[in-house]
Amino acid sequence: MVTALLLLITWGGLAYRQSRLVTASLLTAAILALGTLLGEVGPLVWLLFAVVAAVLNLPALRHGLLSRPLFKVYKGLMPEMSRTEKEAIEAGTTWWEAELFRGKPNWQTLHNYPRPRLSEEEQAFMDGPVETVCRMTNDWEVTHERADLSPEVWAYLKEHKFFAMIIKKEYGGLEFSAYAQSRVLQKLCSTSAVLASTVGVPNSLGPGELLQHYGTKEQKDHYLPRLARGEEIPCFALTSPEAGSDAGAIPDYGVVCLSEWQGKEVLGMRITWNKRYITLAPVATVLGLAFKLRDPERLLGGEEELGITCALIPTSTPGVNIGRRHFPLNVPFQNGPTQGKDVFVPIDTIIGGQEMAGQGWRMLVECLSVGRGITLPSNGTAGSRVSALASGAYSRIRRQFKLPIGRMEGIEEPLARLGGNAYLSDAASMLTVTGIDLGEKPSVISAIVKYHLTDRSQRSIIDAMDIHGGKGICMGPNNYLARGYQGAPIAITVEGANILTRSMIIYGQGAIRCHPYVLAEMLSVQEPDAKKALAQFDRALFGHLGFALGNFARSAWFGLTGARLSPAPVKDATARYYRQMNRLSANLGLLSDLAMATLGGELKRKERLSARLGDILSQLYLVSATLKRFNDEGRPAEVLPLVHWACQDGLYRAQVALVELLDNFPARGLGRVLKLLLMPFGAPLKRPSDRLDHQVARLLQTPGLARNSLAGDLYLTAEEGNPLGMLEQALTDILRAEPVFDKATRAVGRRPFTMLDQLAEEALAAGAISQEEAALLTAAEASRLRTINVDDFDPLELVVNKASFDDSMLNKAA
Ligand SMILES: Cc1cc2nc3c(=O)[nH]c(=O)nc-3n(C[C@H](O)[C@H](O)[C@H](O)COP(=O)(O)OP(=O)(O)OC[C@H]3O[C@@H](n4cnc5c(N)ncnc54)[C@H](O)[C@@H]3O)c2cc1C
């Protein structure tokens, strides 16, 4: 009995620590020796131990008896991986999310990543050109009157190299860090989504990025300086009417042939395409085009079907059709279709030249992760932050039932969501760009932040609209929400539509890329050298078994103890979040292995299961980013309610995904047993309490460090044409006038919350307040009225076809 108990505890401990096989064998032998002394272990047990230990520890025996037969079975089960799948899986790198996937995150690693900072040059750009272009842009004029940025803004953007943030200095670009790009885009987005999209797209996946990675010297020398100076406007066209999410299925094609070009016969391609939704296409001077290339006459000397290829085509080329526009949800950035039929271009228009023919898909997936981690997550973060700040200020200023609406519990609930989402989104943006600036191309993380930050932004803007009521709905130059509300689905759709990103990409790539052994197992099948393949498979398989046993032991132990004894890098009130993440991380590792073992390749089609596994990974990433930000910023107590809210909400969402996953586990019985193992005392985590909601709601309505932490680097200058800045000013005016208001109301004997200018006059006449104090009250009243009032229009102003309006008026009069 003693020996059995000792063995059980030791094996549990060894599995928990994921110890090596040889260590486990030696400790087992030591316990068996003790058992022999106690008279509990006989020769039969020793014989059994000797056989098992020899098979497991001696490579020759293990290979022959275990790994070889298992490798045969595995090879039979594994479906052939296509080139496209292989390229997609191998694209990019893994980073912090891999640590979260592996069941034992090292928190010190997270805390040691550098805090992102702007260089002097980047800060100067933020304070100079970015501030200026925000001031120059009037979003109402852009979205309602012009359906475009003004010519002055276009010229300013080109002149100051806004389109060249990713282009290297040697080509005349700005070569900014990913962090700087993110801050620039957030500031632009707080002024105008059209401005942010126009600048964001050329700095994301497009000709600039592709040329720098794959362009020939001639292409780089020709295009990059011109793009940097704004002499070329690029766009990139992949999407076709028949191929949206399934972009690999584009029907657009090119055929290699010889034809006349500028008076000479040259090798080239005749390309036919029909693309839509292409940002900047209507005004582009150079068109990045993806199409499938064929070489029926084998003029390039290779295969007939070469596959997806990317070329750069001047839009002045005869046959290139651009200019028409789509109208994306009243956020009219330049976006439209392009077509061409049998357009001939020389072969050296292929990005990277002739040898990159057919390499287009690899180029796209390799480059996608960087832009996807910056542009849309930045826009989403800005949307969440603007929604939070505006709703906080408005809730403090707007009164109903003699109270600021922000004091009402019903309003506190969405306000708390807004505050928590904004803090977390900014934190996740910062951590992601930190990874990119460290040289990572984090394909899984970029999918996580693309999905979650745009999703949270859309939900935030809905909350903000609900809080603002009619003020949010009535459009006009003073509305700072409605265009964001209208345009939210754009960010949801582009660069991997969100449902697809959640259901297929996050976990689909994450499971294979972040798992320490699965990819190695899969790649062993492709290894042509049989000996090497077996050794590779053996290493991966036994590592995998140790990993799975480790996550099993850790999950069981954390379930029993509530993870209270697990390590955390801090001792304060946030320590419990690290511990809960230790637990959820082990659960994720375990469930991942079980889902893959029970479903195999079928897991790819079980999208709802893989979406929930991806949700657990995503929430772990978002919560860890929140804690990292809090740590980087010196752990200020004032922002703790925001941190608590974001962590509790994120962990609760991870738990919901876990419970739903177990409730819907394909092997029902196994799901029930696992639930008992992982949560023996029921689901332990709760959503943020009403009390915490109240604290966060108060922070949003009160100027101070916590509120400032949501406002940093947004464009909040109080001036005509910037209603968000004017709202912030109104909050300051009202709070500054509060002590004067108290004095004045005591003097006049009543507490009116309207007509503060009249109150000022009465109190001044009664000698209760000074002239300066009266001015404060009067300014507060002007700000209050500006905040609660909405725009109205002459009926004619709203009619596009003014002639028809006049006619109908005449008819009515008649
Ligand atoms: C304003 C705007 C700008 C754009 N800019 C560009 C550009 O510059 N260049 C360019 O090439 N493209 C651009 N796009 C295209 C964009 O990337 C595509 O719209 C996007 O890939 C989705 O394609 P789709 O709209 O045809 O949706 P569909 O592919 O038809 O998808 C419809 C729905 O099905 C879901 N879905 C699809 N497959 C799956 C799956 N396997 N599992 C679960 N759900 C799934 C999607 O999530 C979506 O909700 C732009 C689009 C818009 C709207």
In whole angstrom, how far apart do the alpha carbon centroids of segment 322-350 and segment 399-434 sit? 40
Would you work out the Kirkwood radius for segment 392-464? I mean one over the mean of 1/r across all pairs of different Cα atoms, in Å. 14.0
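So what is the accessible area of segment 522-590 per residue, in Å², with the probe set to 1.4 Å? Please list the in-between numbers first.
Working: 2950 Å² over 69 residues.
With all protein chains present, segment 522-590 gives 43 Å² per residue.
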So who's got an amide H within less than 5 Å of the one on SER240, skipping anything under 5 residues away but keeping other chains? H placed 1.01 Å off N, in plane. ARG276
Does segment 260-401 classify as rounded, prolate or oblate by the C-alpha gyration tensor (a ≥ b ≥ c root eigenvalues; a/c under 1.5 gives rounded; else a/b over b/c gives prolate, otherwise oblate)? prolate
Roughly how many whole Å is it from the C-alpha centroid of segment 17-54 to that of segment 86-107? 36
Dimensionless Rg over Rh [segment 226-285; C-alpha; Kirkwood]: 1.07
Express the Stokes-Einstein translational diffusion coefficient of segment 326-481 in µm² s⁻¹, to the nearest whole number, given a Kirkwood radius over alpha-carbon pairs, 37 °C and a viscosity of 0.692 mPa s. 176
What are the principal axis extents of the Cα atoms in segment 198-313, in Å, biggest first? 42, 35, 25
I'd like the per residue volume of the convex hull spanned by the Cα atoms of segment 578-668, given in cubic angstrom. 83
Diffusion constant of segment 54-131 at 4 °C, which comes from Stokes-Einstein with the Kirkwood Cα-pair radius and 1.567 mPa s, µm²/s: 70
Taking max minus min of the Cα coordinates of segment 398-515 on each principal axis, largest first, gives extents in Å of 57, 26, 25
What are the semi-axes of the equivalent ellipsoid of segment 356-422, taken as the square roots of 5 times the eigenvalues of the Cα gyration tensor, listed largest first and rounded to whole Å? 44, 9, 7
On alpha-carbon atoms, Rg over Rh for segment 606-655 using Kirkwood Rh? 1.11
Which whole-number percentage describes the relative contact order of segment 252-340, with Cα contacts under 8 Å and a sequence gap of 6 or more? 33
Treating cross-link reach as a plain straight distance, find the aspartates and glutamates whose alpha-carbon is under 14 Å from the alpha-carbon of LYS675, omitting any fewer than eight places away in the same chain. GLU660, ASP663
On the principal axes of its Cα set, how long, how wide and how thick is segment 88-236? Give whole Å, largest value first. 55, 39, 31
What are the semi-axes of the equivalent ellipsoid of segment 667-814, taken as the square roots of 5 times the eigenvalues of the Cα gyration tensor, listed largest first and rounded to whole Å? 46, 35, 16
Seen from all sides and averaged, what is the projected area of the convex hull of the Cα atoms in segment 650-728, in nm²? 8.6
Accessible area in square angstrom per residue, segment 653-751, 1.4 angstrom probe: 49
Let me know the Kirkwood hydrodynamic radius for segment 28-168, please, with Cα pairs as the basis and the value in Å to one decimal. 23.7
Which pairs break 26 Å Cα to Cα here: LYS158/LYS471; LYS275/LYS450; LYS187/LYS471; LYS187/LYS402? LYS158/LYS471; LYS187/LYS402
Answer rounded, prolate or oblate for segment 15-65, using the Cα gyration tensor with square roots of eigenvalues a ≥ b ≥ c: rounded when a/c is under 1.5, else prolate when a/b is larger than b/c, else oblate. oblate
In whole percent, how big is the carbon plus sulfur part of the accessible area of the chain, probe 1.4 Å, protein atoms only? 57
Give, to the nearest whole percent, the P(r) tail of segment 496-551 beyond 12 angstrom, counting all Cα pairs. 69
In a Debye calculation with equal point scatterers on the alpha-carbon sites of segment 1-97 and no solvent, what is log10 I(q)/I(0) at q = 0.10, 0.17, 0.18, 0.25 Å⁻¹? -0.49, -0.90, -0.94, -1.21
Cα-based shape type of the chain, given that a ≥ b ≥ c are square roots of the gyration tensor eigenvalues and the cut on a/c is 1.5: oblate
Distances over 24 Å make up what percent of all Cα-Cα pairs in segment 514-609? 39
Which value, in Å² rounded to 10, gives the accessible area of TYR485 with a 1.4 Å probe and all protein chains present? 110
Please identify the helices of the chain, taking whole runs of DSSP H, that span at least 27 Å along their own axis as judged from the Cα atoms and have a mean Kyte-Doolittle score of -1.0 or higher. 360-397, 409-437, 443-468, 530-561, 575-599, 607-632, 640-663, 723-748
Whole-number accessible area per residue in Å² for segment 233-332, which is evaluated in the context of all protein chains at 1.4 Å: 46
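The values are calculated or read from the model by the stated rules, or taken from the named source; none is laboratory data. Given the structure is predicted, the values throughout are model-derived calculations rather than measurements. When the accessible area is computed, the model is the full protein with side chains, heavy atoms only, and any ligands, DNA or RNA have been set aside. Shrake-Rupley method; radii C 1.70, N 1.55, O 1.52, S 1.80 Å.
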